């Protein structure tokens, strides 16, 4: 199934179904396992609860340091990875293309840089575990004791 077809299914499902079942329906139709995606950081670093707006600013590359001064390092999967799509839609409440457009604007204007892209779950775990202040995301089933799930407050 192509990305544009998934997008069309989301629009149709959002119109016809209650919002809580939209993601489940689209993911099932697209053959993607329905698993909860969570934001993570190193187990050695605890930024406390993070507001959704702060998390959005972090992934938009507009938040350079945590409240305690620790630098933020952002890790993401490729734009076509199902986890990336689920994370941007369900947690950040953006479309993946909106996130990409924001990154492009910052990079091309010389005001920012892209987040570091990882290729696998193991790579995400390794980089987040070894980089204090880093943030990434994984499916709940992939989280290990080496990383901490960020608690997101409204």
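Observations, loosely collected:
- Meets criteria (exposed (fewer than 12 other Cβ atoms within 10 Å of the Cβ) and either out of contact with any helix residue (DSSP H, G or I) (no Cβ under 9 Å at 6 or more places or on another chain) or within 21 Å of residue 45 (Cα to Cα) (or both)) for residue 125: no
- Test: residue in region 91-105 that is farther than 17 Å from residue 147 by Cα, assigned by TED's automatic domain parsing to the domain that holds residue 139 and in contact with a strand residue (DSSP E or B) (Cβ under 8 Å, 6 or more places away or on another chain): yes
- Exclusive hit being surrounded by fewer than 13 Cβ atoms within 10 Å (Cβ to Cβ) and either farther than 21 Å from residue 36 by Cβ or out of contact with any helix residue (DSSP H, G or I) (no Cβ under 7 Å at 6 or more places or on another chain) (or both), set 71, 154, 132, 82: 71
- Residue 46 being out of contact with any helix residue (DSSP H, G or I) (no Cβ under 7 Å at 6 or more places or on another chain), under 17 Å from residue 149 (Cβ atoms) and at pLDDT below 90: yes
- Residues of region 104-120 satisfying the condition of being crowded, with 16+ Cβ neighbours inside 10 Å and at pLDDT 95 or above: 115, 118
- Residues (touching a residue at least 12 places away in the same chain (Cβ under 8 Å), farther than 17 Å from residue 91 by Cβ and either assigned to a helix (DSSP H, G or I) or not assigned by TED's automatic domain parsing to the domain that holds residue 68 (or both)) located in region 122-141: 125, 127, 129, 130
- Every residue from region 98-118 that is free of Cβ contacts under 8 Å to residues at least 12 places away in the same chain and either more than 15 Å from residue 57 (Cα to Cα) or not in a loop (DSSP other than H, G, I, E, B) (or both): 98, 101, 104, 105, 107, 108, 109, 110
- Scope region 142-154; condition closer than 22 Å to residue 89 by Cβ and assigned to a strand (DSSP E or B); matching residues: 147, 149, 152, 153
The values are calculated or read from the model by the stated rules, or taken from the named source; none is laboratory data. Values in this document were obtained by computation on a predicted structure and should not be read as measured data. Cβ atoms come from the backbone with ideal geometry, glycine included; neighbour counts cover every protein chain shown.
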